[in-house]
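Quick notes on the structure that follows.
The values are calculated or read from the model by the stated rules, or taken from the named source; none is laboratory data. Keep in mind that this is a model prediction, so the values were computed, not measured. Cβ placement follows ideal geometry from the backbone for every residue including glycine, while neighbour counts extend to all protein chains displayed.
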Amino acid sequence: MSKKILTVDDSKVIRMMLKNALKDTGHEILEATCGQEGIDRAEECQPDLIMLDITMPDLSGIEVLEHLRTNGRNAQTPVIMLTAESDEKTVQKASALGVSGYIPKPFSIDKVMEAVSRTLNGA
């Protein structure tokens with residue numbers, strides 16, 4: 001069954017890499033270029049998985065995650081953080097908010113695909 005995956009990253013290159021990697025999975029890939037757009041798209045389309053950067057120009061990924069967890073229909077939506085921010089405090093904050101996975105940049109596409117498969121298949 002096709003799932004909706006929302007990628008939220010201000011980097012066009014990262015969004016393109018993710019889209020190219022995920023396009024053959026049969027899932028619908030949606031994109032947002034900043035935190036607020038990510039919140040809006042998530043509310044609008046209710047994705048099955050959100051791949052979220054932390055460092056963005058408007059709202060941080062942590063702020064987006066806090067909003068998703070406390071507002072609207074996406075409180076239980078799995079979120080994989082895909083970010084260069086890997087300090088312990090940030091990782092702990094994301095974990096406390098119920099992040100499903102944390103992949104540091106630079107990342108391998110294989111790790112991303114494995115995390116997506118594991119998250120969507122509940123393994």
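Against the condition surrounded by fewer than 20 Cβ atoms within 10 Å (Cβ to Cβ), touching a residue at least 40 places away in the same chain (Cβ under 8 Å) and touching a strand residue (DSSP E or B) at 6+ places or on another chain (Cβ under 9 Å), how does ASP48 come out, does it pass?
Yes, satisfied.
Take the conditions charged (D, E, K, R), on the phi < 0 side of the Ramachandran plot and out of contact with any strand residue (DSSP E or B) (no Cβ under 8 Å at 6 or more places or on another chain) and apply them to ARG41. Does it pass? Step through it out loud before you land on a result.
Working: charged (D, E, K, R): yes; on the phi < 0 side of the Ramachandran plot: yes; out of contact with any strand residue (DSSP E or B) (no Cβ under 8 Å at 6 or more places or on another chain): no.
So ARG41 fails the test.
Restricting attention to strands (runs of 3 or more DSSP E) lying wholly within segment 16-123, give those where 3 or more residues are of a type outside the set (Gly, Ala, Ser), closer than 17 Å to LEU6 by Cβ and modelled with pLDDT of 90 or more. Spell out how you get there, then give the answer.
Numbers: elements: 28-32, 49-52, 79-83, 101-104.
In segment 16-123, 28-32, 49-52, 79-83 are the strands (runs of 3 or more DSSP E) which contain 3 or more residues that are of a type outside the set (Gly, Ala, Ser), closer than 17 Å to LEU6 by Cβ and modelled with pLDDT of 90 or more.
Taking THR119 as meeting all but one of (1) buried (at least 17 other Cβ atoms within 10 Å of the Cβ); (2) under 16 Å from CYS34 (Cβ atoms), write down the number of the exception.
Going through (1) buried (at least 17 other Cβ atoms within 10 Å of the Cβ); (2) under 16 Å from CYS34 (Cβ atoms) one by one, THR119 breaks only (2).
Return the residue satisfying two criteria in turn: it lies in segment 79-96 and is hydrophobic (A, V, I, L, M, F, W, C) and either surrounded by fewer than 17 Cβ atoms within 10 Å (Cβ to Cβ) or farther than 15 Å from ILE50 by Cβ (or both), and of such residues it is farthest from the chain's Cα centre (by Cα).
Within segment 79-96, the match that is farthest from the chain's Cα centre (by Cα) is ALA96.
Report every pair of residues separated by at least 6 positions or lying on different chains whose Cβ atoms are under 9 Å apart, first residue within segment 55-74 and under 12 Å from LYS93 (Cα atoms), second among the small types (Gly, Ala, Ser) and surrounded by fewer than 17 Cβ atoms within 10 Å (Cβ to Cβ).
Final answer for the pair search is LEU65/GLY98.
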